[in-house]
Amino acid sequence: MSLLSRPVAGTDALVLRTWPCGDTSAVVSLLTRDEGFVKVLAKAARRSRSRLRHLIEPGRLIHAEFSLDPARELQYLRGGEVRLDTLGVGATLESTAYLLGALELVDRCRPLAGSVETAADLFRVCEEFVVVLSSRTCREPALLFFGLEWQLLVGHGTAPQVGDCVCCGSSATGNLRFDPAEGGIVCRECSSAGAAAAGRPVSTGALSVLRLLAAVTLSKLGASDLEPARRREVGALLHRFLGYHLPGYQLPTALDLLRAGRNGD
């Protein structure tokens, strides 16, 4: 029997998904700062007195300790501590829906084959997202969510071009279209010449929001305001763009919570 201890990793992580395993255990999908995407088995974590129970809730930012055996697809969660409970006191239906929607997107649409380097960049974006979302200064969870979607496109190398016309390079003003196939904004002249056949008209207000997403950090987005009509337009434009460019993308089911909440009102 080998006397060498098995390697153990200790790193910050965002809990993306949790599945029951057996009677009391759980399988947990993590996005980590140092090891990329990792799946761990949390043995007996669903027992009420388990020391791992508080580490498996989706949306929590934790410091996790787990085995690091390259021969295993599923590592063992050893311990850790909670850094931030994003769905703690003060969470609203809106912030909860956008958090769960973000977790779905990040888990399903992993950039560049899930390389550790790219996952580390994505972890920093997700860390900023949950910190801002759980802060008292976050006035616009929807805009913050759009910012995360934008950064996910950046990680895939497919962020929209929203400055000049993507076809001719001219300054884009008036009667513009937003076309996923072309990769961004198309001017009136190029659109009339046959470009942007799959594009949709984009208002001046929505274009200013898209340019804001490209220019500022998530912390500044969370402190901004967004009109409901503009929120719907930008959300629809990004949904079409994500669906065209990201394999495995689909509208997060968690966003149905918002629809149910509005119907209830």
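For the list (1) aliphatic (A, V, I, L, M); (2) under 25 Å from Thr118 (Cα atoms); (3) without any contact (Cβ under 8 Å) to a residue 40 or more places away in the chain, I need the number of the one condition that Leu144 fails.
Single failed check for Leu144: (3).
Going through Gly147, Gly174 one at a time, which residue ends up being at pLDDT 90 or above and within 21 Å of Arg230 (Cα to Cα)? Break it down into steps so the answer makes sense when it comes.
Numbers: Gly174 fails: at pLDDT 90 or above.
Matching residue, one of Gly147, Gly174: Gly147.
All but one of (1) surrounded by 14 or more Cβ atoms within 10 Å (Cβ to Cβ); (2) within 30 Å of Cys126 (Cβ to Cβ) hold for Gly157; state the number of the condition that does not hold.
Among (1) surrounded by 14 or more Cβ atoms within 10 Å (Cβ to Cβ); (2) within 30 Å of Cys126 (Cβ to Cβ), the lone unmet condition for Gly157 is (1).
Going by the conditions given, is Val202 closer than 19 Å to Ala97 by Cα, surrounded by 15 or more Cβ atoms within 10 Å (Cβ to Cβ) and of a type outside the set (Asp, Glu)?
The answer is no for Val202.
Of the residues Arg53, Arg17, which is within 22 Å of the chain's Cα centre (by Cα), outside the structural domain of Trp150 (by TED's automatic domain parsing) and over 19 Å from Leu144 (Cα atoms)?
Just a single option satisfies the conditions, and that option is Arg17.
If Arg110 satisfies every condition in (1) touching a helix residue (DSSP H, G or I) at 6+ places or on another chain (Cβ under 7 Å); (2) surrounded by 15 or more Cβ atoms within 10 Å (Cβ to Cβ) but one, which is the exception?
Checking Arg110 against (1) touching a helix residue (DSSP H, G or I) at 6+ places or on another chain (Cβ under 7 Å); (2) surrounded by 15 or more Cβ atoms within 10 Å (Cβ to Cβ), the one that fails is (1).
Quickly run through segment 61-94 and pick out the residues that are of a type in the set (A, V, I, L, M, F, W, C) and under 19 Å from the mean Cα position of the chain (by Cα).
Listed by number, the residues that qualify are Leu61, Ile62, Leu84, Leu87, Ala91, Leu93.
Which of the residues that make up segment 54-103 are polar (S, T, N, Q), out of contact with any helix residue (DSSP H, G or I) (no Cβ under 6 Å at 6 or more places or on another chain) and crowded, with 16+ Cβ neighbours inside 10 Å?
Scanning segment 54-103 gives Ser67, Gln75, Thr96.
So the check is Cβ under 7 Å with 6+ separation or different chains; which pairs have a first residue in segment 211-238 that's not assigned by TED's automatic domain parsing to the domain that holds Gln161 and a second one that's among the acidic types (Asp, Glu)?
Every condition considered, no pair remains.
Can you find, within segment 140-190, the residue that is farthest from the chain's Cα centre (by Cα) among those that are within 17 Å of Gly235 (Cα to Cα) and charged (D, E, K, R)?
Arg177
For the subset of segment 18-36 comprising residues that are out of contact with any Phe, Trp or Tyr (no Cβ under 9 Å at 6 or more places or on another chain) and buried (at least 17 other Cβ atoms within 10 Å of the Cβ), which member is nearest to Arg53 (Cα to Cα)?
Of everything passing the filter in segment 18-36, Ser25 is nearest to Arg53 (Cα to Cα).
The values are calculated or read from the model by the stated rules, or taken from the named source; none is laboratory data. Fair warning: this is a prediction, and the values are worked out from it, not measured in the lab. No Cβ is skipped: glycine too gets one built from the backbone with ideal geometry, and neighbour counts run over all protein chains shown.
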